[in-house]
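Asker: The following block contains the structure, expressed as structure tokens.
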Ligand code: GLY
């Protein structure tokens, strides 16, 4: 009788486990192995270009890997991904490769041409410093913060994103929230509070001016740099001026999570939670958690999703979940749901395909018909970061 009971319980357990779909935790280790295989492939296809001007893989264009220069806004993501592969696998080959590519970005520390130096240097040198201390790399972070600070307008209290154009005098984009981490980092290294002060001033004005009552964000604001008055609220990569461009929502979420981590000012945590709520509860967010390229894009068959927005969101949510004592909105589960979807064949490339990039189906700029439904190096970077962050949380 005892044997029969044990036998029946075993059958019930097996039946239960067969009927349940896998959780992200079930697949995490396998996915880490696959990321490594794919990036060996990407590395082998591009390593001979490392000493040429165009060296960093960004996407696939016309069936070929598109390589970009140091000055491309995405140049830090490839070295950053190599650093995460090292931290995920413990394999020193990735560290060697990450260092090679990181050092190629050396001159960016002096560049004041736009705000993206925060992305470029924090993802490369910033990640290098998480692996090993280095005075030389500390000084790259501080010099980059000096360069970025040259774009800060004291009276308006914002960092100018792009240079003036026919359309805008002093454009600030929501993406700029992502460059603040480097400023916080520079103050920690140097002890100079100016970088920290610029970061919080920019973040406060972003809360005040960039966000709508539903906690969605505009993409581009044109400021009067003398008075701080807002001259226009527009989009560049979204569906319309009043729409919620998916990656912009993800940049804002991630940026305010970083601001809370670095300042412990509750306003930033509240802002991050509200943005996370906008994303998670959006009626047009598909069940798999991967948004369309814009939350307000017309509801048509074939409207592209944006895996990059999903990966950035998942990574931000993992960190956000560590700051919430009672995660009643279940942001950790939401992040796992996104990661499970991104790890499945619909989004994660089959071995030997996608030219070695990890994720398919991202959108660079649909209104410009550029990089629509393609792999993007920053989708891969935030996917790897989310994989790394998920380890200590589940
Ligand atoms: N920061 C540029 C973009 O997200 O496309």
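Nothing in this text is a laboratory measurement; each read-out follows from the coordinates by a stated rule. Keep in mind that what you see is a predicted model, and the values were worked out from it rather than measured. Cβ placement follows ideal geometry from the backbone for every residue including glycine, while neighbour counts extend to all protein chains displayed.
Asker: Pairing the Cα long axis of helix 180-190 with the longest principal axis of the chain, what angle in degrees results, from 0 to 90 and rounded to the nearest 10?
Answerer: For 180-190 against the chain, the angle is about 70 degrees.
Asker: Let me ask you something else. When the Cα atoms of the chain are enclosed in a convex hull and the volume is divided per residue, what value in Å³ results?
Answerer: It is 164 Å³ per residue.
Asker: Output needed: percent of Cα pairs per 5 Å distance bin for the stretch 19-106, bins running from 0 to the one holding the longest distance.
Answerer: Cα pair-distance distribution for the stretch 19-106, in percent: 3, 13, 23, 22, 16, 10, 6, 4, 2, 1, 0.
Asker: Given a cut-off of under 8 Å on Cα pairs at least six residues apart, what relative contact order in percent is computed for the chain?
Answerer: With pairs under 8 Å counted, the relative contact order is 16 percent.
Asker: Taking 0.36 nm per intervening residue step and subtracting the Cα-Cα distance, what contour gain separates residue 30 from residue 232 on full extension?
Answerer: That works out to 68.0 nm of additional length.
Asker: Based on a Kirkwood Rh over C-alpha pairs, give the Stokes-Einstein translational diffusion coefficient of the stretch 270-362 at 10 °C and viscosity 1.306 mPa s in µm²/s.
Answerer: 113 µm²/s
Asker: Separate question: What residue among 157, 80, 33 has the largest mean-square fluctuation in a Gaussian network model of the chain, using Cα springs under 10 Å?
Answerer: Between 157, 80, 33, it is 33 that shows the largest mean-square fluctuation.
Asker: Report, in degrees rounded to the nearest 10, the 0 to 90 angle that the Cα long axis of helix 331-343 makes with the longest principal axis of the chain.
Answerer: In the chain, helix 331-343 runs at an angle near 80 degrees to the longest axis.
Asker: Could you work out how far apart the two model spin labels at residue 301 and residue 62 are, taking each label as a point 7 Å from the Cα in the direction of the beta carbon, and quote it in nm?
Answerer: With each label point 7 Å from Cα toward Cβ, the separation is 3.2 nm.
Asker: What Kirkwood Rh does the stretch 127-196 have if only Cα atoms enter the pairwise 1/r average? Answer in Å.
Answerer: 13.2 Å
Asker: Quick check: the angle from helix 307-323's long axis to the longest principal axis of the chain, C-alpha only, nearest 10 degrees?
Answerer: It is inclined by approximately 90 degrees.
Asker: For the chain, set up a GNM with springs between Cα atoms under 10 Å and report which of 325, 144, 235 has the largest fluctuation.
Answerer: 325
Asker: Another question, then. Using only the alpha-carbon atoms of the stretch 87-226, report the extent along each of the three principal axes, biggest first, to the nearest angstrom.
Answerer: On the principal axes, the stretch 87-226 reaches 48, 30, 29 Å in Cα extent.
Asker: Figure the gain on full extension for residue 224 and residue 133 (residue separation times 0.36 nm, minus the Cα-Cα span) and round it to one decimal in nm.
Answerer: Difference between extended and current length: 28.7 nm.
Asker: Order by neighbour count: 83, 251, 73, fewest other Cβ atoms within 10 Å first, most last.
Answerer: So the residues, fewest neighbours to most, are 73, 251, 83.
Asker: Here's another thing I want to ask about it. Could you work out [θ]222 nm for the chain from helices alone, using -39500 (n - 2.57) per DSSP H run of at least four and dividing by all its residues? Round to the nearest 500 deg cm²/dmol.
Answerer: Result for the chain, helices only: -16000 deg cm²/dmol.
Asker: With 10 angstrom as the radius, rank 374, 117 by how many other C-beta atoms surround their C-beta, starting from the fewest.
Answerer: 374, 117
Asker: Taking a ≥ b ≥ c as the square roots of the eigenvalues of the Cα gyration tensor of the stretch 165-319, is the shape rounded (a/c under 1.5), prolate (a/b larger than b/c) or oblate?
Answerer: In terms of gyration-tensor shape, oblate.
Asker: Contour minus end-to-end for residue 23 and residue 50, with contour as 0.36 nm per residue of separation and end-to-end as the Cα-Cα distance?
Answerer: Net length gain for the segment: 5.9 nm.
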